[in-house]
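Okay, structure first, notes after.
The values are calculated or read from the model by the stated rules, or taken from the named source; none is laboratory data. These numbers come from a predicted model, not from an experiment. Cβ atoms come from the backbone with ideal geometry, glycine included; neighbour counts cover every protein chain shown.
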Ligand SMILES: [Zn+2]
């Protein structure tokens with residue numbers, strides 16, 4: 001499977017396309033212990049909008065994750081009897097975005113794909129998500145089904161070749177996206193009403209590999225210059241141990257971890273935790289062992305009961321301060337992709 005990314009032939013994100021804007025970057029952060037000295041380095045970045053909404057930029061391509069552009073005081077419906085109130089504003093509004101190339105959606109849940117987004121998106125804009133989300137988004141029972149949704153199961157990959165001008169070394173940039181395991185529901189016997197479980201759809205994590213392909217004769221060589229792992233809305237479950245096994249010793253450069261200890265049905269009745277809290281986040285960091293971790297999805301809704309401060313304390317106690325970069329909404333993290341020259 002392939003989905004080609006061509007900045008010259010973008011599908012507009014919105015039904016009513018707005019003029020394009022630059023991202024309002026507050027602060028740009030870099031590697032905590034190895035700041036860049038090479039101005040010619042192949043630069044890429046992550047911009048944090050809020051919740052699990054980020055923009056990955058590289059080689060003129062911009063990928064939007066889990067679009068959620070509701071504002072403080074707005075509500076999301078997360079399933080039968082489960083609603084949550086937004087406590088924050090996104091760093092940028094949906095009609096103030098730069099031109100984008102595709103959406104990576106971890107799962108079909110309103111705090112990751114809200115009604116504003118659903119109503120305003122162009123049905124032909126490319127979306128990569130779970131098989132469950134694909135069947136929901138493309139369902140003929142929808143008034144306006146989406147027409148360009150690509151489903152990835154766990155460990156299933158999709159290569160996104162990037163159409164650019166010729167590079168000096170003859171290498172062509174590409175992004176490979178692979179579904180990673182995730183589970184919103186705690187394993188084992190559940191004492192919680194079955195209804196609650198309907199509130200938690202299947203979810204993916206993502207492995208995003210930025211790299212290059214080059215041809216010599218009839219062979220195509222592929223090299224990966226940077227690996228990003230996004231946890232998605234998962235708990236710390238046994239299946240996550242398959243991730244380091246899948247990587248065969250290759251290193252994750254950057255992990256975006258969904259924290260928050262999201263607990264449903266809500267703060268007045270905290271029955272079932274469906275995303276990692278501070279302790280589980282540190283467990284995941286130790287398991288995946290990424291070079292740098294950036295926490296996201298930690299305080300945007302009133303159902304997120306594990307504050308970022310708790311994670312910071314756990315990280316310090318584990319001696320991992322130099323492995324974590326904290327972004328505010330509107331901050332960016334800039335990094336370098338290896339292998340162009
Ligand atoms: Zn979530």
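How about the range 91-101: which of its residues are over 15 Å from the mean Cα position of the chain (by Cα) and either closer than 26 Å to residue 156 by Cα or assigned to a loop (DSSP other than H, G, I, E, B) (or both)? Scanning the range 91-101 gives 91, 92, 93, 97, 98, 99. Here are 286, 241, 312, 268: which of them is closer than 26 Å to residue 336 by Cα and exposed (fewer than 14 other Cβ atoms within 10 Å of the Cβ)? Only one candidate passes the filter, namely 286. Candidates in the range 209-236 are the residues that are away from the ligand (no atom under 16 Å from the Cβ) and outside any strand (DSSP E or B); of these, the one that is modelled with the highest pLDDT is 218. Report yes if residue 150 is away from the ligand (no atom under 16 Å from the Cβ) and out of contact with any strand residue (DSSP E or B) (no Cβ under 6 Å at 6 or more places or on another chain), otherwise no. No; evaluated as a whole, the condition is false for this residue.
Quick grid of which residues meet (1) in contact with a helix residue (DSSP H, G or I) (Cβ under 8 Å, 6 or more places away or on another chain); (2) assigned to a loop (DSSP other than H, G, I, E, B); (3) more than 16 Å from the ligand (Cβ to nearest atom):
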{"site": "69", "(1), (2), (3)": "yes, yes, no"}
{"site": "103", "(1), (2), (3)": "no, no, no"}
{"site": "109", "(1), (2), (3)": "no, yes, no"}
{"site": "112", "(1), (2), (3)": "no, yes, no"}
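Scanning the range 248-288 for residues that are touching a residue at least 12 places away in the same chain (Cβ under 8 Å), more than 16 Å from the ligand (Cβ to nearest atom) and part of a strand (DSSP E or B), we see that the one that is farthest from residue 302 (Cα to Cα) is 254.
Based on what the data block shows, is residue 43 more than 16 Å from the ligand (Cβ to nearest atom) and assigned to a strand (DSSP E or B)? So residue 43 fits the description; yes. Residue 167 falls short on exactly one of the conditions (1) crowded, with 21+ Cβ neighbours inside 10 Å; (2) in a loop (DSSP other than H, G, I, E, B); (3) away from the ligand (no atom under 16 Å from the Cβ); (4) touching a residue at least 40 places away in the same chain (Cβ under 8 Å), and that condition is (1). Does residue 88 fit the bill of being within 16 Å of the ligand (Cβ to nearest atom) and within 19 Å of the chain's Cα centre (by Cα)? Considered against the rule, which asks whether it is within 16 Å of the ligand (Cβ to nearest atom) and within 19 Å of the chain's Cα centre (by Cα), residue 88 comes out as yes. The conditions of being closer than 21 Å to residue 27 by Cα, at pLDDT 95 or above and crowded, with 20+ Cβ neighbours inside 10 Å are met by residue 292. Scan the range 114-134 for residues that are touching a helix residue (DSSP H, G or I) at 6+ places or on another chain (Cβ under 9 Å), within 16 Å of the ligand (Cβ to nearest atom) and in contact (Cβ under 8 Å) with a residue 60 or more places away in the chain and jot them down. Within the range 114-134, just 129 meets the criteria.
The set of residues from the range 128-161 being within 21 Å of residue 222 (Cβ to Cβ) and either modelled with pLDDT under 95 or surrounded by fewer than 20 Cβ atoms within 10 Å (Cβ to Cβ) (or both) comprises 150, 155, 156, 157, 158, 159, 161.
Among the conditions (1) away from the ligand (no atom under 16 Å from the Cβ); (2) in contact with a strand residue (DSSP E or B) (Cβ under 9 Å, 6 or more places away or on another chain); (3) at pLDDT 95 or above; (4) not in a loop (DSSP other than H, G, I, E, B), the only one that residue 245 does not satisfy is (2). When 172, 134, 176 are checked against the criterion of being farther than 12 Å from residue 202 by Cα and within 19 Å of the chain's Cα centre (by Cα), a single residue qualifies: 176.
Here residue 293 passes the criteria (1) within 16 Å of the ligand (Cβ to nearest atom); (2) touching a helix residue (DSSP H, G or I) at 6+ places or on another chain (Cβ under 7 Å) except the one numbered (1). Only a single criterion out of (1) in contact with a strand residue (DSSP E or B) (Cβ under 8 Å, 6 or more places away or on another chain); (2) within 16 Å of the ligand (Cβ to nearest atom) is not satisfied by residue 325, namely (2).
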